[in-house]
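Worksheet: the structure to be examined is printed underneath.
The values are calculated or read from the model by the stated rules, or taken from the named source; none is laboratory data. On a predicted model such as this, the values are computed, not experimentally measured, just so you know. Cβ: placed from backbone, ideal geometry, glycine included. Neighbour counts: every protein chain shown.
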């Protein structure tokens, strides 16, 4: 079975190359199987790998498929078992991931402001060797004070 990303699926749909789509339940998730005019079936995969794209919720899959222009979908729930749902991708985990992403974005914004302020600073620059000499003297004073 071939693999196909969402962008490849969008292009194939646009060219009229898709004859059918099945949302196939397996374990606690759903996978998308694509029938093409060439006769080679394909599996929807993640964008940067050949790993099949797994949907924990069929509604999520339907939204993606509708977004690429697929309106008719078959569902095969023969091997689907909702008790096997992957709980490692729970709401709490997503909430934590979103919180971390927001914190990282806030840090990046703060850092960009700090860098721009340093660039815009009108005071003359101090050569590296001079700064290091000052720091060495300061460290030596502190070391002498501790003795």
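Annotations
- Region 49-62, residues that are farther than 23 Å from residue 83 by Cα and free of Cβ contacts under 8 Å to residues at least 24 places away in the same chain: 49
- When residue 46 is tested against (1) under 18 Å from residue 22 (Cβ atoms); (2) touching a residue at least 12 places away in the same chain (Cβ under 8 Å), exactly one condition is not met: (1).
- Highlighted here are the strands (runs of 3 or more DSSP E) found entirely within region 21-120 that include at least 1 residues which are modelled with pLDDT of 90 or more and over 17 Å from residue 6 (Cα atoms): 29-36, 74-80.
- Taking the criterion of being in contact with a strand residue (DSSP E or B) (Cβ under 6 Å, 6 or more places away or on another chain), without any contact (Cβ under 8 Å) to a residue 40 or more places away in the chain and surrounded by 17 or more Cβ atoms within 10 Å (Cβ to Cβ), the residues of region 1-32 that qualify are 12, 31, 32.
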